[in-house]
Amino acid sequence: MMGLMQDVPLTVDRILDHAAAWHGQREIVSRAADGQVSRSNYAVIRANAKRVSNALAAAGIRHGDRVATLGWNSTRHLAAWYGTAGMGAILHTLNPRLYLEQIAYIANHAGDRLLFADPACADIVGALLREVPAIEAVIFFCDRDGLPGSTFPAIAFDDWISGHPAEFAWGGFDERTACGLCYTSGTTGNPKGVLYSHRSNSLHALMTLQRDALALSARDSILLVVPMYHANGWGAVFSAPAVGAKLVLPGQRMDGESIYNLIEAEAVTYSAAVPTVWQMLLQYVQAHGLGFSTLERVTIGGSACPESIVRTFRDDYRVDVIHGWGMTETSPLATVSVPNASVARLSDDEQIRFKLKQGRLLCGLEFKLVDDDGNRLPHDGRTPGRLMIRGPTIASGYFRGEQAEVLDAEGFFDTGDISTIDSEGYMQITDRAKDVVKSGGEWISSIEIENIAMGHPAVQLAAVVGVAHPKWDERPVLLCQLRQGMTAGASDLRDHLAGRIAKWWMPDDIIFVSEIPLGPTGKIDKRAIRASLQGYALPFRAAD
Ligand code: ADP
């Protein structure tokens, strides 16, 4: 027997409809590349998004067509987003920080027909158009005065939508219809397209809003540092309007000073970003003896969260860190490290041990840990295994899937992460499968050594990679980037690590570099590090 409740499809246009109807005047603030701040609200964004739908329809864009964006977080980007998805086309976010060849590969693979772009990306767009012939038109996120000089026909967004009505019949299609397309950044081979559905994005928004997840509310002022092209800005493109939070969109500039000024000027209470952004912010705040007037909590994810960041935020600024884990394929948020009832009873210091783990599953998702043969492993907090995940916000395959089968026999997706799960249900990533250092048949967690090394006061950034070894297969090598004006030697780092890691985990070499390479989403680029270490030989150790 079927239930007797209304069968209303979960499509994302309903989220913006809700925001415009019930939080219509709630502000959305956008900062342009030149630092100029403009103000809008949910009612205006919805009206502009409807104009976008009309303009897209007039340009011949139909249900299921891919429409790309290449830009930073801005109000026009948001309007393009909902205007595209609302009419049943697919909003495809391109990452401007990728190499041109990668962007071209992705745009060709996706079959993008139209491109919205930031004026700051005009050079990339010019080169891209030569590589991606299917793109029919380029619309720049600006008014007529802001149009960049270009050798190709370009239209200003404001001109393009003006004259189109602010009404358009959104939705009315199956909730499983494709809504957005986002390619993984390709740290593991060719980029692969994750095709979100309206249903998966709507459910993800509801799941992340729970109090034991990100706990966003109408009273929050959210600074969305994480780019919208990075897995839907970790879902905030949907979750912020769902609750009617104020949204602050910072554009391109992510340095400590720019972020700090926005936080203070816009009374920001919550923000989300990768650890490197927080490190830059904290350094700026510390160097200038500043504090936060309104900031209450920050989500840190994308890479493991160093303990020093959690402690500095908590002890010096009374800001709570919410450590989360996920990937493009998981919409992205899947676990959040907030205290459950038993962890909440522990002392503050003991709680940090759990906060540094990647956390507990959001309701609706399932986990398992398996060995290389697919056998389940115990959740004892000690045994590392391949992390497998299942649920309505998890990818079941890739766009034009080259790898036809990405799920195991039980329908679980292989995250490519190695982790443990403890008896309280807290998952901890110990490595990515391809980054794990395999020494003498045992696994060494590169992430754990990095985190401890970053606890040394002179270390700004640390990275561990495995280097081939004749006896042990691989041994860890630690690269350190020191803080400006600080000094430390290999023996200082060894003393710092000793006693905090198993003896056999001690890196065989510690190399100081001026800069550890970061990938396009701000994560340490281990592929580049490995490439830079080609031809490198481990120092000889008599004991070997
Ligand atoms: P890519 O796979 O291209 O790097 P994603 O943004 O999808 O792009 O990255 C997801 C991966 O990032 C995860 O599989 C995991 O390895 C890593 N990751 C994400 N959040 C965390 C975290 N809190 N701690 C450690 N690793 C994380």
Here the stretch 91-104 yields Karplus 3J(HN,Hα) values (6.51, -1.76, 1.60; θ = phi - 60°; whole Hz; Gly and Pro given as x) of 7, 10, 8, 9, 9, x, 7, 6, 5, 3, 4, 5, 4, 5
When the label point is put 7 Å from the Cα of ARG39 along its Cα-to-beta-carbon vector, which residues of the stretch 47-87 have a backbone N closer than 20 Å? 47-48, 74-79
For the pair GLU410/GLU350, report the inter-label distance in nm, with labels modelled 7 Å from Cα in the Cβ direction. 3.1
Can you run phi through the Karplus equation (6.51, -1.76, 1.60; θ = phi - 60°) for the stretch 38-52 and list ³J(HN,Hα) in whole Hz, with x for Gly and Pro? 10, 10, 9, 8, 5, 5, 5, 4, 5, 4, 5, 5, 5, 4, 4
Amide hydrogen neighbours beyond the local backbone of HIS469, cut-off 5 Å, H modeled: GLU474, ARG475
Going highest first, how would you order 57-65, 6-14 by mean Cβ packing within 10 Å? 6-14, 57-65
For the residue pair ASP372 and ALA537, what label-to-label distance in nm results when each label sits 7 Å from Cα along the Cα-to-beta-carbon direction? 2.9
Residue-ordered couplings for the stretch 140-152, obtained by feeding phi - 60° into the Karplus form 6.51 cos²θ - 1.76 cosθ + 1.60 and rounding to whole Hz (Gly and Pro as x), are 8, 6, 6, 8, 4, 5, x, 4, x, x, 8, 8, 10
Counting only helical runs of four or more DSSP H residues, what would the 222 nm mean residue ellipticity of the chain come to if each run contributes -39,500 (n - 2.57) and the total is spread over all its residues? -8000 deg cm²/dmol
Under the definition of Cα pairs under 8 Å and six or more residues apart, what whole-number percent is the relative contact order of the stretch 278-389? 18
I'd like to check one number: the per residue accessible area of the chain, probe 1.4 Å, reported in Å² as a whole number. 42
Surrounding net charge for ARG66, when Lys and Arg each add one and Asp and Glu each subtract one, Cβ distance under 10 Å: -1
Using modelled amide H (1.01 Å from N, peptide plane; none on Pro or chain starts), what sits under 5 Å from the amide H of VAL338, excluding residues fewer than 5 places away? ARG360
Listed here are the pairs LYS192/LYS526; LYS50/LYS246; LYS471/LYS503; LYS192/LYS357; LYS503/LYS523; LYS438/LYS526; which of them are more than 23 Å apart at the Cα? LYS192/LYS357; LYS503/LYS523
Under-5 Å amide H pairs with LEU482, H placed in peptide plane, nonlocal only: GLN460, VAL513
Roughly to the nearest percent, how much of the accessible area of the stretch 435-532 is carbon and sulfur, given a 1.4 Å probe? 51
Could you please state how large a percent of the accessible area of the stretch 234-315 is carbon and sulfur, counting protein chains only and using a 1.4 Å probe? 51
With each pseudo-label sitting 7 Å past Cα toward Cβ, what's the ALA21-ARG211 distance in nm, one decimal? 2.7
What FRET efficiency, computed as 1/(1 + (r/R0)^6) with R0 = 41 Å and r the Cβ-Cβ distance, is obtained for GLU515 and GLU167, rounded to the nearest 0.05? 0.20
Once neighbouring chains are kept in place and the probe is 1.4 Å, which whole percent of the accessible area of the stretch 1-113 is contributed by carbon and sulfur? 53
Taking the Cα centre of the stretch 435-532 as the origin, how large is its charge dipole in debye, to the nearest 20, when only Lys and Arg (+1) and Asp and Glu (-1) carry charge on their Cβ atoms? 60
Given an 8 Å cut-off on Cα distances and at least 6 residues of separation, report the relative contact order of the stretch 435-532 as a percent. 26
Would you mind putting 107-113, 339-345 in packing order, based on average other-beta-carbon counts within 10 Å, highest first? 107-113, 339-345
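The values are calculated or read from the model by the stated rules, or taken from the named source; none is laboratory data. On a predicted model such as this, the values are computed, not experimentally measured, just so you know. All Cβ positions, glycine included, derive from the backbone under ideal geometry; neighbour counts span all protein chains shown. Calculation scope for accessible area: heavy atoms of the full protein, side chains included, ligands and nucleic acids excluded. Shrake-Rupley method; radii C 1.70, N 1.55, O 1.52, S 1.80 Å.
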